[in-house]
Structure formats: C-alpha cells, structure tokens
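Data first, discussion second: the structure below is written as structure tokens.
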Amino acid sequence: QVQLVESGGGLVQAGGSLRLSCAASGRYFSTYTMGWFRQAPGKEREFVARIWSGGYTSYADSVKGRFTISRDIAKNTVYLQMNSLKPEDTAVYYCNGARNGIDYWGQGTQVTVSS
C-alpha cells in the first residue's frame, strides 16, 4: 500500500505555470502506476495525466502539450508541471496510485487560475 500527499497548489494568473508534487510512502512505489486527476466545483473528477512504471505517459486532450507528468523513484515523488494555465484548469488536483487493482488517493491540492 502507499500513502500520497499532494502539494504545490495555489493561485496563478492565466498563462502562468505551477508544479504540483505528490510525495508517496511505501516500499513498492516504483511498481505503481501514478496519475493526476482533477475535480472542479459541480463537476465529476476527470483524468489529467498518468505515468506507468516503465515511464510511458498519457494525457487528457485538454492538457496535452501544456502539462508534463514525471516521477523521481529515488524521492518517491511524482510531479505535474503545468504551463500555459487557463481558467478552466481551476480545480482540486488529486494524486492517484494504482497497483494490483487497488487505487489510492491523496487529499488534493487546490489550483486556481485567474483571468
């Protein structure tokens, strides 16, 4: 099992950048598929980005070309670099870890993009 804690959220202007971090605890972090999801007020939680243990990445069309997911195995940390932010990116961002059919979630970090 793994415990996840997000950080790095905040208030930025449209066009700005922000980097989110997800610190993980657990012995098998390198074997987890890690990802980021977000949930805006009144909307369902949606997929943002995912990175597999082998390094393969996938992105939602809405963030492709602007966001980059990465992981540092030695630090047990996954990152989400967000560039060219838009007001519609405003949401609570959640870190996700999946292994053996079980999902783990962080508490979320608020990202607000002003226009």
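Volume per residue for segment 1-109 equals 96 cubic angstrom (convex hull of Cα atoms).
List the relative contact order of the chain as a percent without decimals, with contacts defined as Cα pairs under 8 Å and 6+ residues apart. Show your work: numbers first, answer last.
Details: 280 pairs, mean separation 41.9, N = 115.
About 36 percent, as a whole number.
Here the spin labels are modelled as points 7 Å beyond Cα on the Cα-Cβ line, and at Lys43 and Arg27 they lie 4.1 nm apart.
Solvent-accessible surface of the chain, averaged per residue with a 1.4 angstrom probe and all protein chains in place: 53 square angstrom.
Tally Lys and Arg at +1 and Asp and Glu at -1 over the other residues with C-beta under 15 Å from the C-beta of Val12: what net charge comes out? Could you put the intermediate results ahead of the total?
Values: positive: Arg19, Arg38, Arg66, Lys86; negative: Glu88, Asp89.
Here the charged neighbours net out to +2.
Full extension of the chain between Ile102 and Gln81 gives 5.0 nm of extra length, using 0.36 nm per residue less the Cα-Cα distance. Packing, taken as the mean count of other beta carbons within 10 Å per residue, orders the peptides 53-61, 18-26 from highest to lowest as 18-26, 53-61. Of all lysines in the structure, those lying under 28 Å Cα to Cα from Lys75, and not within fewer than 8 positions of it along the same chain, are Lys64.
Calculate, for Gln1 and Ser115, the FRET efficiency according to 1/(1 + (r/R0)^6) with r their C-beta to C-beta distance and R0 35 Å; round to the nearest 0.05. Don't skip to the answer; put the middle values down first.
Working: r = 40 Å, r/R0 = 1.16.
Rounded to the nearest 0.05, the efficiency is 0.30.
The values are calculated or read from the model by the stated rules, or taken from the named source; none is laboratory data. Owing to the predicted nature of the structure, the values given are computational and were not obtained by experimental measurement. Heads up, the Cβs are rebuilt from the backbone with ideal geometry, glycines too, and the neighbour counts pull from every protein chain shown. Heavy atoms of the whole protein, side chains included, go into the accessibility calculation; ligands, DNA and RNA do not. Shrake-Rupley method; radii C 1.70, N 1.55, O 1.52, S 1.80 Å.
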